[in-house]
Amino acid sequence: MKSVVVAVFALLPAAVAASGYPVTFTTTGCDGATGLVTVDVSRVYRVQPFPCDGGVTLKQVLMRNEFGSYDAATVSDADARGLEEEIRAYTRARQEALKKGATIIVED
């Protein structure tokens, strides 16, 4: 008698199914220096205004770290909007994939 093994997998887009979804953004310091940060989207806690001397206002991105506190990076308004849009797109894709809940049955 042949044994049958049945496995059920949820079909999710690769970016949603992965344990993490990295987002990359350009940082900007109050002095104008730039850099690059890549962080898992689930670590992004908040984007808030950050005042610099001379009346310039950047945005501060707070990211949870493994020690229970936050790392911070400052970004331009345009980069903050791009980051927020990417987070919203990820959230929508994840919600849609969870709603669909498509399954596949694999037999052996």
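The values are calculated or read from the model by the stated rules, or taken from the named source; none is laboratory data. Fair warning: this is a prediction, and the values are worked out from it, not measured in the lab. Cβ coordinates were reconstructed from backbone atoms using ideal geometry, including for glycine residues, and neighbour counts include every protein chain displayed.
The number of residues in the range 56-70 that are touching a strand residue (DSSP E or B) at 6+ places or on another chain (Cβ under 6 Å) and touching a residue at least 24 places away in the same chain (Cβ under 8 Å) comes to 4. Being touching a Ser or Thr at 6+ places or on another chain (Cβ under 9 Å), within 15 Å of G20 (Cβ to Cβ) and part of a strand (DSSP E or B) is a description that does not apply to V61.
Scanning the range 34-56 for residues that are touching a Pro at 6+ places or on another chain (Cβ under 8 Å) and exposed (fewer than 14 other Cβ atoms within 10 Å of the Cβ) returns a single hit, T38.
Which residues, taken from the range 28-43, are part of a strand (DSSP E or B), within 17 Å of R64 (Cα to Cα) and polar (S, T, N, Q)? Matches in the range 28-43: T38 only. Residues in the range 68-97 that are farther than 12 Å from V23 by Cβ, at pLDDT 95 or above and not in a helix (DSSP H, G or I): S69, Y70, D71, A72, T74, S76. Does R92 qualify as being among the basic types (K, R) and surrounded by 13 or more Cβ atoms within 10 Å (Cβ to Cβ)? Against the criterion (among the basic types (K, R) and surrounded by 13 or more Cβ atoms within 10 Å (Cβ to Cβ)), R92 does not qualify.
Against the conditions (1) within 24 Å of R88 (Cα to Cα); (2) touching a residue at least 12 places away in the same chain (Cβ under 8 Å), D53 satisfies every one except (1). Listed conditions (1) touching a residue at least 24 places away in the same chain (Cβ under 8 Å); (2) in a strand (DSSP E or B) are all met by R46, apart from (1).
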